[in-house]
Amino acid sequence: AGRLGERAVAAPVEAAGAGRAQPSEAAAGEAAAREEAAVPEAVPAPLEDRRVPVRGVRRTIARRMAQAWDEVPHAAGFLEVDATALEAFRAWIGRARRDARVSPLAVVVRALAEVCRQHPAINAWYDHEAEEIVLKGTCHVGVATATDRGLLVPVVRDVGSKGLLTVAREMAEVVEAARQGRAAPEQLTGSTITITNVGSLGLDFGWPIVNFPEVAILGVGAIRERAGVVGGQVVARPSFFVSMTIDHRALDGADSARALLTLREILEDEERLRALLLD
């Protein structure tokens, strides 16, 4: 009787256990998916290292940058410029002279020549061997340009003696020639001060290396809507940052600071910008 009772109790328990041991089709699918997910994916084989010879333009760039970094004690300053007047000025040109195309960079290049006129110390070369600073009588602005061959610096000559529209046209021509690899040697040499537009790369700030033997280089960031305080109120205004890196042997921080402040004064005054047209 005792064994019969045990069998009577055990039978339902075994039946219940058997019911739990057989999952539904959906549960079985989920379990299989979990098992597949647990299997690690095949790891791609690592790529082999490649050696790229440093030749041609890249070799020249490497050597010049190394020379500039080794010989020049760099210092830099940064400043924010309200671009409201600059954008209004460009819009005015578009209405007044429909055939004219003037980029913000072209305006900055022409304004930089005015800064050099007021602060001639930044428009100079440093002669290392003679230990002399050569103050340049004319302003030839180099425009750092990214090309398929590497970084080139086509030159806009005698910027201070030309009107803005002429400068804009000549800058577009020499930059395009450099990008297409057809710039003449004289178009790539002789700059007295250089400007690099890091804004064209989507950057707000840049700390460029001095284009030796020049003593100053200007960096220009992207124009963006930013919060600014006008009349005690926070408003959205277009603005951009400029930087000036200097050769500290030839210039002091105060020299670059004064030059940057003069540049901002010009770029934030529409009347002074219109005076740059000249022609």
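Tabulated values for the structure
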| item | result |
| --- | --- |
| Which listed residue, of Glu71, Glu114, Glu87, is acidic (Asp, Glu) and under 20 Å from Pro208 (Cβ atoms) | Glu71 |
| Pair list, Cβ < 6 Å and 6+ apart or interchain, from the stretch 235-255 residues that are over 28 Å from Phe89 (Cα atoms) to residues that are β-branched (Val, Ile, Thr) | Asp247/Val72; Asp247/Val210; Asp247/Val215; Ala250/Ile133; Ala250/Val215; Leu251/Val215 |
| Residue tally, condition closer than 20 Å to Ile195 by Cβ, of a type in the set (Lys, Arg) and not in a helix (DSSP H, G or I), over the stretch 74-111 | 1 |
| Residue that is open to solvent by 20 Å² or more (accessible area, probe 1.4 Å) and either assigned to a helix (DSSP H, G or I) or on the phi < 0 side of the Ramachandran plot (or both), where the choices are Val143, Val134 | Val134 |
| Residue check for Leu164: in contact with a helix residue (DSSP H, G or I) (Cβ under 7 Å, 6 or more places away or on another chain) and open to solvent by less than 10 Å² (accessible area, probe 1.4 Å) | yes |
| The stretch 146-161, residues that are closer than 21 Å to Leu201 by Cβ, open to solvent by 30 Å² or more (accessible area, probe 1.4 Å) and without any contact (Cβ under 8 Å) to a residue 40 or more places away in the chain | Asp148 |
| Odd one out for Glu114, checked against (1) closer than 19 Å to Ala68 by Cα; (2) acidic (Asp, Glu); (3) assigned to a helix (DSSP H, G or I) | (1) |
| Search result, residues across the stretch 200-224 that are without any contact (Cβ under 8 Å) to a residue 40 or more places away in the chain and in a loop (DSSP other than H, G, I, E, B) | Gly202, Leu203, Asp204, Gly206, Gly221, Ala222 |
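The values are calculated or read from the model by the stated rules, or taken from the named source; none is laboratory data. Just so we're clear, the structure is a prediction, and the values are computed from it rather than from any experiment. FYI the Cβ positions are ideal-geometry reconstructions off the backbone, even for glycines, and counts take in every protein chain you see. The protein model used for the area step is the full one, side chains on, heavy atoms only, and it has no ligands, DNA or RNA in it. Shrake-Rupley method; radii C 1.70, N 1.55, O 1.52, S 1.80 Å.
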